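Every read-out reported here was derived from the displayed coordinates using simple, explicitly stated rules and does not represent laboratory data. Bear in mind the structure is a predicted one, so any value in this text is a computation, not a measurement. When we count neighbours, we look across all protein chains shown, and the Cβ atoms used for this are built from the backbone with ideal geometry, even at glycine.
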Amino acid sequence: MGSTPPVRVLHVIESYGSGSLTAAAQYVRSTPDLEHHLLRRIREDYVPFGEEVLFTSVTDLPRSRVRSIGAVRKATRTLSPEVVHAHSSFAGLFARLALRAGRPARVVYTPHCFVFERTDISATARRGYRLVEWALAINTTVIAGCSTGEVRAAQAWRTCRRAVHVPNIVRDAPVAERARHAERPVVVSLGRVSAQKDADFFLATLRDLGQRGRRVRGLWIGGGDSADVARLEAAGVEVTGWVTRDRVLDLLSSADLYLHTAAWEGFPMSILEAHRMGLPILVRDIAAFHHLPAALRGRSPRELATLAEDMLLAPSHARADRNRSLWDAALIEHSPEIQRDRLLEAYGVA
């Protein structure tokens, strides 16, 4: 008798090049015994890191969103996957309009931050997006949230069949020994310079630190909107532009504090990378982080600056050590073993 063929998973990523790509690559690494295929649309800021070799096949989505629905349906007929895993809002829309959950494939959806969490759109638009997600949940086998906040939001809907927390992980970031910059600490953020990451909140936190007499050097790893980049640079923040992941890790290892000031999030890979590099981390208090201890989050630039000032006090390392201990506890589920178990649960694999 021949061996049982592996379960086949089709990943659909409309925004290929962002955090959803990094997360999906980790999902594949966590389940190498499954057969993974990719249907994608590449973003303009895509920086390849050799991840395509993880997939048995790679196909591009059409630029048209209407045609993308047909492309999902065609790929499902061609590949006959047991699971279609849609990543982020538009991919979730394409997959759930193209297919009926369970006929023939399980439809698994990871929002990587629900679009109705955005603060740069009107309240009316947010209500509309929430209604769309509520309705599409009817045709979703499992909502595989990358944060406990996503899972809680989905579980509140009567239309949600099942929600599972599939934690993000990082595998290949080295554990770094860092040298502190006592005279002028380096405060870093990471990601696309955009409305979501909210460079103005980052700048306001640095300004508040300056008003307290704390001389720091701001560093933003990434690129993006030219007007936002110009504001950062005008305020003395170094903006690296898009760099390789190895360079990202080098820059993180040379920093003193990581500030995550995004206005909305799923669960960012950058926090896991910064933690792996031994950085103390503070975050803006948004829905994705409501489960964290109060000592790790601030609602305003002033609150965040107050916490940051404590982190940067020299020569004591006690506060930074306490910060890392709190993150150790908060990230206890972000392990390869738990990620694999939760993925297999979502995929219906015994």
- Using only alpha carbon pairs under 8 Å that are at least six residues apart, calculate the relative contact order of region 186-330 and give it in whole percent. 25
- Task: Please give, to one decimal in nm, the separation of the simple spin-label points placed at residue 231 and residue 291, each 7 Å out from Cα toward the Cβ.
- Result: 3.2
- Message: So, R0 is 41 Å and r is the distance between the beta-carbons of residue 299 and residue 56; what FRET efficiency does that work out to, to 0.05?
- Response: 0.35
- residue 337 to residue 46: FRET efficiency via 1/(1 + (r/R0)^6), r the Cβ-Cβ distance, R0 35 Å, to the nearest 0.05? 0.70
- Item | Ordering of 210-218, 94-102 by packing [mean C-beta count within 10 Å, highest first] | 94-102, 210-218
- Once you put a point 7 Å from the Cα of residue 317 and another 7 Å from the Cα of residue 349, both along the Cβ direction, what distance in nm separates them? 4.1
- Counting Lys and Arg as +1 and Asp and Glu as -1, each charge on the Cβ, what is the dipole of the chain about the Cα centre in debye, to the nearest 20? 1140
- Item | Share, in percent, of DSSP beta bridges within the chain that are antiparallel, nearest 5 | 5
- Message: Between [x] 20.9, 68; [y] 20.6, 74; [z] 19.8, 63, which entry matches Rg and Dmax of the Cα atoms in Å as derived from the coordinates of this structure?
- Response: [y]
- Query: Going toward the positive end of the dipole of the chain, with +1 on Lys and Arg Cβ and -1 on Asp and Glu Cβ, which of 339, 58, 68 do you reach last?
  - Reply: 68
- Query: Check residue 36: other-chain or 5+ apart residues with amide H under 5 Å from its amide H, H built from backbone geometry?
  - Reply: 9, 56
- Task: Would you please give the FRET efficiency between residue 325 and residue 67, computed as 1/(1 + (r/R0)^6) with r the Cβ-Cβ distance and R0 = 51 Å, to the nearest 0.05?
- Result: 0.50
- Message: Starting from the 7 Å offset along Cα-to-Cβ, what nm value, one decimal, do you get for the label separation of residue 155 and residue 119?
- Response: 2.6
- Task: Go ahead and set up a Gaussian network model of the chain, Cα springs under 10 Å, then flag whichever of 189, 335, 68 fluctuates most.
- Result: 335
- Item | Listed residues 17, 105, 260: farthest to the positive end of the dipole of the chain (Cβ charges) | 105
- Query: Which residues' amide hydrogens lie under 5 Å from the amide hydrogen of residue 186, considering only partners 5 or more residues apart or on another chain, with H built in the peptide plane?
  - Reply: 181, 217, 256, 257
- Report relative contact order for the chain in percent, whole number only (criteria: Cα-Cα under 8 Å, sequence separation at least 6). 16
- Item | Restricting region 1-90 to trypsin sites (Lys or Arg not before Pro) in coil, as DSSP defines it, with at most 14 other Cβ within 10 Å | 63
- Message: Per DSSP helix of 4 or more residues, -39500 (n - 2.57); summed, then divided by the residues of the chain. What does that give at 222 nm, rounded to the nearest 500?
- Response: -12000 deg cm²/dmol
- Quickly rank 261-273, 231-243 as a protection proxy: mean count of other C-beta atoms within 10 Å, highest first. 261-273, 231-243
- Of the candidates 31, 204, 325, the farthest towards the positive dipole end of the chain (Lys/Arg Cβ +1, Asp/Glu Cβ -1, centred on the Cα centre) is 31
- Message: For a quick check of your reading of the filter: which trypsin sites (Lys or Arg not before Pro) in region 268-312 sit in a DSSP loop and have no more than 14 other Cβ atoms within 10 Å?
- Response: 299
- What GluC sites (Glu not before Pro) does region 5-86 have in DSSP loop regions with at most 15 other beta carbons within 10 Å? 44
